[in-house]
Amino acid sequence: MLVVADDLTGATDSSVQFAHAGWTTALMLSDDDNDQQAPGTVNARVTDSRALASADAHDRTQRAVLSGRRIATRVYLKIDSTMRGTVSSQIAGALAAWRSDHPQAFALVCPAYPAMGRTVVDGQLQVNGTVVHETAIGRDPVTPVTTSSMSELLPGSIRVRVPHGDVFTRDSLVSSIRAARSTSSIITIDAVESADLDTIAEAIAEFGDDIVPVGSAGLAAALAGVWGCGLDFPAEAQRSSERVIVVASSLHTVTRDQVATLSELPSSEVAMWTPDLDSVFDDSARLAWLQALSSSSSDAPIVIVNAPEERTDSTEFVAALLADAAELLMHDTTPTSLLLLGGEGARAVLNRLGAVRLRIHSTIREGIPIGTIEGGSAHGTTVVTKAGGFGRPTDVTDIAEELLHNSFHNNNEGPAQ
């Protein structure tokens, strides 16, 4: 099984759905890492293509699928549940690669994740009942979504109209998909409830390896059970921590609120370090900020490294500075866990630590995976990754405290509902 995602947190929150269903799951962080080749295993790969230009997003996605298809009989393209980024180009790249072995392949697209408030109703993408372009996603500083129409977001696609209720069955859906694929190679479909995704997954299974399912962690959860029926659940590894490093690269208002809530803990429990833009772009200011962080005498068990509040198009430079800070904080013998908020920063931190792969175990909250670093200077470190727009205001605080007290539990009881 191959999962290809446009950012790191997307790769983990979709891959963990397969871990829930009994698949042995790992996020590959090196192009040369292909250790997972047995049946019942999942290789996840990250293209970092969400904010790229269309041509670059197409090429990166195509290369990722081409490099992984030799060890996979199924592919899942994970996109943002709110359709941020160059989704149309990612789908085109995935199809171009998969069709080298399966010439009749087509894409079935459903970004819905009802458990997290993402639905597709009458061809309109919604977040908690509001069309997506009227939410904060429409004002995203990097990849704003300016329309909620799936047909406008994916030009040339055709929508399968699904009546909800008893008429919505696997057989009727399979017939509708077969009719639609003669008109377009990209088919979109509504989903309002998790049960809708279950029916869609059953229909997808009927098309074997001629279909490229495209969606969020919601559809991944439904597919994991259909494709992995009969697998045994792997045991979850746990490791106690005396300190948690929180790296918040996302500028989404959900993440900003979560970090603000965490920072309200007493100063004996939490320390926060936020560089300004001078520290991001000026070498001397950068060095001074990192030296101040290194020489800090704070014994707080929770350390937050937070992205600057100022907006900048050069987000990769911000992520690089946050990664420098995380590496600096990891350079002692204190047992430490990482809580990474935002895909670009998560990728930068793991690269800086030389991680070869991230073994995905379970979820610590709905849509928030927990795993272990393999390889590099932080081998064995527990890592939680969270996409910017997910969760309640208190989630990051609660998770940080659970990591310190090792009170999280194994959630491998089946796909998330």
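The values are calculated or read from the model by the stated rules, or taken from the named source; none is laboratory data. Since the model is a prediction, treat every value here as computed from it, not as a measurement. All Cβ positions, glycine included, derive from the backbone under ideal geometry; neighbour counts span all protein chains shown.
Figures for the structure shown
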| read-out | value |
| --- | --- |
| Asp48 vs. criteria in the same structural domain as Leu223 (by TED's automatic domain parsing), without any contact (Cβ under 8 Å) to a residue 40 or more places away in the chain and surrounded by fewer than 24 Cβ atoms within 10 Å (Cβ to Cβ) | no |
| The stretch 326-347, residues that are among the acidic types (Asp, Glu) and out of contact with any Ser or Thr (no Cβ under 7 Å at 6 or more places or on another chain) | Glu327, Asp332 |
| Residue identified as among the β-branched types (Val, Ile, Thr) and either at pLDDT below 95 or over 28 Å from Ser15 (Cβ atoms) (or both) among Ile137, Ile204, Ile186 | Ile137 |
| Hits in the stretch 66-88 - residues which are more than 17 Å from the chain's Cα centre (by Cα) and in contact (Cβ under 8 Å) with a residue 40 or more places away in the chain | Gly68, Arg69, Ile71, Ala72, Thr73, Arg74, Ser88 |
| Count of residues meeting criterion [farther than 18 Å from Asn43 by Cα and surrounded by fewer than 21 Cβ atoms within 10 Å (Cβ to Cβ)] in the stretch 331-363 | 6 |
| Residue list for the stretch 41-78, filter: part of a strand (DSSP E or B) and more than 21 Å from Gly208 (Cα to Cα) | Arg45, Val46 |
| Residues that are in contact (Cβ under 8 Å) with a residue 40 or more places away in the chain and surrounded by fewer than 16 Cβ atoms within 10 Å (Cβ to Cβ), drawn from the stretch 185-206 | Glu193 |
| Those residues of the stretch 376-391 which are free of Cβ contacts under 8 Å to residues at least 60 places away in the same chain and either among the charged types (D, E, K, R) or in contact with a strand residue (DSSP E or B) (Cβ under 8 Å, 6 or more places away or on another chain) (or both), in sequence order | Ala378, His379, Val383, Val384 |
| Ser54 vs. criteria among the hydroxyl-bearing types (Ser, Thr, Tyr) and buried (at least 20 other Cβ atoms within 10 Å of the Cβ) | no |
| Complete set of residues in the stretch 106-146 that are in a loop (DSSP other than H, G, I, E, B), β-branched (Val, Ile, Thr) and closer than 20 Å to Leu219 by Cβ | Val145 |
| The stretch 122-134, residues that are surrounded by 20 or more Cβ atoms within 10 Å (Cβ to Cβ) and closer than 16 Å to Phe390 by Cα | Gln126, Val127, Val132 |
| Some residue of the stretch 164-175 being in contact with a helix residue (DSSP H, G or I) (Cβ under 9 Å, 6 or more places away or on another chain), of a type in the set (A, V, I, L, M), part of a helix (DSSP H, G or I) and touching a residue at least 60 places away in the same chain (Cβ under 8 Å) | no |
| Wholly within the stretch 265-360, helices (runs of 4 or more DSSP H) carrying at least 2 residues that are over 22 Å from the mean Cα position of the chain (by Cα) | 277-281, 283-295, 315-329 |
| Residue match in the stretch 393-405 (condition: touching a helix residue (DSSP H, G or I) at 6+ places or on another chain (Cβ under 7 Å), closer than 23 Å to Pro141 by Cα and crowded, with 24+ Cβ neighbours inside 10 Å) | yes |
| Arg286 vs. criteria surrounded by 14 or more Cβ atoms within 10 Å (Cβ to Cβ), touching a Leu at 6+ places or on another chain (Cβ under 7 Å) and of a type in the set (D, E, K, R) | yes |
| Candidate set from the stretch 242-262 (those that are at pLDDT 95 or above and polar (S, T, N, Q)); member that is nearest to Phe317 (Cα to Cα) | Gln258 |
